[in-house]
Amino acid sequence: MNHERFDLTDDQPLEVEEQYLVEVLECLFHHILFHRSLGGKVVPRDTAILNNIFYVKCDDARLEHKVRESAEAAAAALKKQANAGRISLLFYGTEKGFVTNKKVPWEEWVLRVAARTDPALGRHHDLLRRRELEARVSGLL
């Protein structure tokens, strides 16, 4: 496959507390999709997660539902893979063939994610972890 590839997390996985995994994946998926949609008619909507992270997403109920389903499916797949893995968002075009058309990827966005499952050691430790997570996610946006 000869396509453009963007690795958002380089070699280090993004460590996310398990209880925030779906929300963080939703945030990143929406961020990528919004970035890809700028060529078309896009209605932005501000959204917040973890109190201090704000991101923009496309204001489309069907897209929002699909992104939520995809984030939940990706989180479930990560849990089956020892809470760590690689998630790829692929964008396809259609290449016309002599007999059939085939889907050909033209762009890929890669996220390496690891879910933390160890419990926080009290409210202060939980607050520190949240701030650390906010900083990591903000760095990707």
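The values are calculated or read from the model by the stated rules, or taken from the named source; none is laboratory data. This one's a predicted model, so the numbers in the text were calculated from it and none came from an experiment. All Cβ positions, glycine included, derive from the backbone under ideal geometry; neighbour counts span all protein chains shown. Each accessible area value is taken on the protein alone, full model and side chains, heavy atoms only, with ligands, DNA and RNA left out. Shrake-Rupley method; radii C 1.70, N 1.55, O 1.52, S 1.80 Å.
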*Picking from Pro13, Ala114, Ala61, whose Cα lies most toward the positive end of the charge dipole for the range 4-118 (charges on Cβ: Lys, Arg +1; Asp, Glu -1)?*
Ala61
*Give the residues of the range 60-81 whose amide nitrogen is closer than 12 Å to a point set 7 Å from the Cα of Arg36 in the direction of its Cβ.*
67
_Once you order the gyration tensor axes a ≥ b ≥ c over the Cα atoms, which shape class does the range 4-118 get: rounded for a/c under 1.5, otherwise prolate or oblate by comparing a/b with b/c?_
oblate
*Cα to Cα, under 12 Å, and not fewer than 8 places away if on the same chain: which aspartates and glutamates meet these conditions relative to Lys103?*
Glu95
_Portion, in percent, of the accessible area of the range 4-118 that falls on carbon or sulfur, probe 1.4 Å_ = 50 percent
*asked:* Can you tell me what share of the DSSP beta bridges in the range 4-118 is antiparallel? A percent to the nearest 5 is fine.
replied: 70 percent
*Would you calculate the separation in nanometres between label points at Asp10 and Gln81, each defined as 7 Å from the Cα along the Cα-to-beta-carbon direction?*
2.1 nm
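Rank by packing, highest mean first: peptides 16-22, 90-96, with packing defined as the count of other Cβ atoms within 10 Å averaged across residues. Intermediate values should be presented prior to the final figure.
On the way: 16-22: 18.1, 90-96: 11.1.
Top to bottom by mean Cβ count within 10 Å: 16-22, 90-96.
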_Taking amide H atoms as placed 1.01 Å from N in the peptide plane, list the residues 5 or more away in sequence, or in a different chain, whose amide H sits under 5 Å from that of Trp106._
Phe91, Tyr92, Gly93
_Cα shape, the range 63-141, gyration tensor, a/c 1.5 rule_ = prolate
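Using a 1.4 angstrom probe, figure out how much accessible area the range 4-118 has per residue, in square angstrom, rounded to the nearest whole. Kindly include the intermediate steps, with their values, before the conclusion.
Working: 7030 Å² over 115 residues.
Roughly 61 Å² per residue, with all protein chains present.
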*When the Karplus curve 6.51 cos²θ - 1.76 cosθ + 1.60 is applied with θ = phi - 60°, which whole-Hz ³J(HN,Hα) does each residue of the range 4-9 get, with x for Gly and Pro?*
6, 10, 10, 9, 5, 10
